[in-house]
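Novice: My structure is below; once you've seen it, I'll send some questions.
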Amino acid sequence: DAILFNTYNPAILHSGLLAKSRALLMFDVTPCQYDQMVHWYGYGHQADRPGRLANWKQGRVRAAFQAAEGLFAWSRWAAQSAIEDYGADPNRVHILPSGVDTELWRPADRKPDDGVTRLLFTGGNFTRKGGDLLLRWAKETARRDWELHLVTIDPVADLPSGVVVHHGLGSNSPELIALAQRCDLFVLPTRADCFSIASLEAMAVGLPVVVTDIGGIGDIVVEGETGFLLAPDDYAGLRDRLEALLDRPDLRAEMGRQGRERVCQHFESRELVARGLARMTGANVS
């Protein structure tokens, strides 16, 4: 009865279905947004140079966005680009972010009570996600009442005392969830991201988050209430916010409580799936 394309590329390759079917597209980033940060992603992709090929690609994406019955954008950031850069009908653009299973990702019944504050970083690509900034802080700070847990796929060398690297922790794995539940705050000074499911997961287990305000992340974190938003590469801001949270267990607890509430209210995966399916049936949902 309806077709959902997860990103625009398969929709472009099946443009006939867009014209004949009730087709909807889901995306967390548009091509022009991705090109602005592509040098951080690698994968052999390069931003298109101005010219006929770039214009042709732009036209195909524009046609797909305009032909689809509905567009599911993960964030206001992505939705705005679809409208302003690709001429999508604002009435057909709906904010439908990725969500979190809040029954799976939930606060721990009990945390370690040893006077150590545990910081969690989860980022597959270590440098793009700003892991090097955290290592710099770990090496420079005079404090020793912390542990920094780095979850990444990349090798990390020259580790100072107190830093632990975790490899091979899969998405939603019991080991990853248990690690998050043992920690006290989540830090992601990322340089390039479209959204941050890792931040949602951390908030779901009751952690305050310190994360860069890029892409659609501003839809997730309420500044000063559920965590702190940073400018890209703002090392001084990162350091100051970490120190403030290390000094204030009461602030961590309150931000973590509000973060959990926000995820349950706005980013529960079951409710988001139901809302998306209702939209696909043609129901009038907000």
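Novice: Looking at (1) at pLDDT below 95; (2) closer than 29 Å to Ala253 by Cβ; (3) open to solvent by less than 40 Å² (accessible area, probe 1.4 Å), which is the one condition that is false for Pro97?
Specialist: Pro97 satisfies every listed condition except (1).
Novice: I've got another one for you. Would you check which residues across segment 128-179 are of a type in the set (Asp, Glu) and either at positive phi or in a loop (DSSP other than H, G, I, E, B) (or both) and list them?
Specialist: Across segment 128-179, the qualifying residues are Asp145, Asp154, Asp158.
Novice: Give me a count of the residues in segment 264-284 that are surrounded by fewer than 18 Cβ atoms within 10 Å (Cβ to Cβ) and more than 23 Å from Ile217 (Cβ to Cβ).
Specialist: Counting residues in segment 264-284 that are surrounded by fewer than 18 Cβ atoms within 10 Å (Cβ to Cβ) and more than 23 Å from Ile217 (Cβ to Cβ) gives 7.
Novice: Identify the single condition in (1) over 16 Å from Ser196 (Cα atoms); (2) free of Cβ contacts under 8 Å to residues at least 40 places away in the same chain; (3) out of contact with any Lys or Arg (no Cβ under 8 Å at 6 or more places or on another chain) that Gly87 does not satisfy, given that it satisfies every other one.
Specialist: Every listed condition holds for Gly87 apart from (3).
Novice: Regarding segment 45-52, can at least one residue be identified that is open to solvent by 30 Å² or more (accessible area, probe 1.4 Å) and touching a residue at least 24 places away in the same chain (Cβ under 8 Å)?
Specialist: no
Novice: Is segment 164-171 home to any residue that is closer than 24 Å to Gly215 by Cα, open to solvent by less than 10 Å² (accessible area, probe 1.4 Å) and not aromatic (Phe, Trp, Tyr)?
Specialist: The answer is no, given that none of the residues of segment 164-171 is closer than 24 Å to Gly215 by Cα, open to solvent by less than 10 Å² (accessible area, probe 1.4 Å) and not aromatic (Phe, Trp, Tyr).
Novice: State whether one or more residues within segment 28-40 are open to solvent by less than 50 Å² (accessible area, probe 1.4 Å), closer than 19 Å to Asp89 by Cα and free of Cβ contacts under 8 Å to residues at least 12 places away in the same chain.
Specialist: No: segment 28-40 contains no residue that is open to solvent by less than 50 Å² (accessible area, probe 1.4 Å), closer than 19 Å to Asp89 by Cα and free of Cβ contacts under 8 Å to residues at least 12 places away in the same chain.
Per-residue answers, yes or no, for (1) open to solvent by less than 60 Å² (accessible area, probe 1.4 Å); (2) in contact (Cβ under 8 Å) with a residue 24 or more places away in the chain; (3) not small (Gly, Ala, Ser):
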| residue | (1), (2), (3) |
| --- | --- |
| Ser196 | yes, yes, no |
| Ala236 | yes, no, no |
| Leu242 | yes, yes, yes |
| Gly259 | yes, yes, no |
| Arg262 | yes, yes, yes |
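Novice: Inside segment 245-257, can you point out the residues that are surrounded by fewer than 17 Cβ atoms within 10 Å (Cβ to Cβ) and either of a type in the set (Phe, Trp, Tyr) or in contact with a helix residue (DSSP H, G or I) (Cβ under 7 Å, 6 or more places away or on another chain) (or both)?
Specialist: Leu251
The values are calculated or read from the model by the stated rules, or taken from the named source; none is laboratory data. Only a predicted model underlies this, so the values are computations on that prediction, with no experimental measurement involved. Don't worry about glycine lacking a Cβ; one is built from the backbone with ideal geometry, like all the others, and counts go over all protein chains shown. Note: accessible area is taken over every heavy atom of the protein model, side chains too, but ligands, DNA and RNA are not part of it. Shrake-Rupley method; radii C 1.70, N 1.55, O 1.52, S 1.80 Å.
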